[in-house]
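Report on the following structure.
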Amino acid sequence: MWTICFEIAGKRHCFEVPLLIDRPVHRPPPENLPQLELAVTVLECARVVKAVDGPSPLTNQLSEVATQYIQQLQNSLPKGVSLNQAEKV
């Protein structure tokens, strides 16, 4: 957990910084592709931050790295198996 702290009249005040993702993330078994789950979580986090704060170098880099990682996973899958992003309904 991260906090932001400052002093007012000599007294230290700290507030927790809310997290976009609850930890630990509990997923039902089996864990088929934990690497994909991690990359997709990073992409979703970057999407949420962009929606709140607009595009930034950080969110762009997070998106690029996660997308490249997903592509590497795709390339390592057996022939005929693919990873696809479905539109939210």
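The values are calculated or read from the model by the stated rules, or taken from the named source; none is laboratory data. Treat the numbers as computed from the prediction; the structure is a model and nothing was measured. Reconstructed Cβ throughout: ideal geometry from the backbone, glycine too, with neighbour counts over all protein chains shown.
Screening LEU77, LEU73, LEU62, LEU38 for residues that are within 28 Å of PRO18 (Cα to Cα) and at pLDDT 80 or above leaves exactly one candidate, LEU62. Does LYS11 satisfy the condition of being more than 14 Å from the chain's Cα centre (by Cα) and either at pLDDT 80 or above or polar (S, T, N, Q) (or both)? For LYS11, the condition - more than 14 Å from the chain's Cα centre (by Cα) and either at pLDDT 80 or above or polar (S, T, N, Q) (or both) - is met.
Is it the case that some residue within the range 22-29 is within 18 Å of the chain's Cα centre (by Cα), at pLDDT below 80 and within 20 Å of ASN84 (Cα to Cα)? Yes, the conditions are met somewhere in the range 22-29.
Going through (1) outside any loop (DSSP other than H, G, I, E, B); (2) out of contact with any helix residue (DSSP H, G or I) (no Cβ under 6 Å at 6 or more places or on another chain); (3) surrounded by 10 or more Cβ atoms within 10 Å (Cβ to Cβ); (4) modelled with pLDDT of 80 or more one by one, VAL52 falls short only on (3).
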